[in-house]
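One structure is given here, and the rest of the page talks about it.
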Amino acid sequence: MDAVGILPLDVIGWLVQFWIALGVAGLALQRTPRLINRVIFPLSALTSLLMALTGLWALAAAPNIMVLPLGLPDLPFHLRLDPLSAFFLILLGGASMGVSLYSAGYFKTMAGAHSVWYAWSITCSSSA
């Protein structure tokens, strides 16, 4: 645990929720592609960078375990962040940051193709 009392697993949970919120915002803002290119894609890249940095933080920390009250009766949903999963968070954060930055320029020329943004956001958040 950190001096502040925040675990890397908590930060990952917040970032995943923010990615989902970005996906919903991108879906709601389909009629304004400039706003998606200039705000949503860069925010996704920032979220990806924070994901990679949190993965670096988790490499040096002790494994985090969280039990959520979801799942089957008498079988809750368990989350664990150990050094191996932290390494994959670094890979996911780095790759998705590059894709998000590239997509901002790529989708400038494509009219009406911003509905792909929602699928990208859900894919990234489910991978984390």
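The values are calculated or read from the model by the stated rules, or taken from the named source; none is laboratory data. Only a predicted model underlies this, so the values are computations on that prediction, with no experimental measurement involved. Ideal geometry is used to build each Cβ from the backbone, glycine not excepted, and the neighbour counts take in all protein chains shown. Please note that ligands, DNA and RNA were not included when accessible areas were found on the heavy atoms of the full protein model with its side chains. Shrake-Rupley method; radii C 1.70, N 1.55, O 1.52, S 1.80 Å.
Just checking, which of LEU70, LEU53, LEU46, LEU75 is open to solvent by 60 Å² or more (accessible area, probe 1.4 Å), over 14 Å from LEU101 (Cβ atoms), within 16 Å of the chain's Cα centre (by Cα) and of a type outside the set (Phe, Trp, Tyr)? Walk me through it before giving the result.
On the way: LEU70 fails: within 16 Å of the chain's Cα centre (by Cα); LEU46 fails: over 14 Å from LEU101 (Cβ atoms); LEU75 fails: within 16 Å of the chain's Cα centre (by Cα).
The match here is LEU53.
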Among the helices (runs of 4 or more DSSP H) contained in the range 1-118, which hold 1 or more residues that are at pLDDT below 80? 83-106
Given (1) surrounded by 14 or more Cβ atoms within 10 Å (Cβ to Cβ); (2) of a type in the set (S, T, N, Q); (3) under 16 Å from the mean Cα position of the chain (by Cα), number of the condition GLN17 does not satisfy: (1)
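Hey, among LEU22, LEU27, which residue is under 18 Å from GLY93 (Cα atoms) and aliphatic (A, V, I, L, M)? Please lay out each step first, then the result.
Numbers: LEU27 fails: under 18 Å from GLY93 (Cα atoms).
Being under 18 Å from GLY93 (Cα atoms) and aliphatic (A, V, I, L, M) holds for just one of LEU22, LEU27, which is LEU22.
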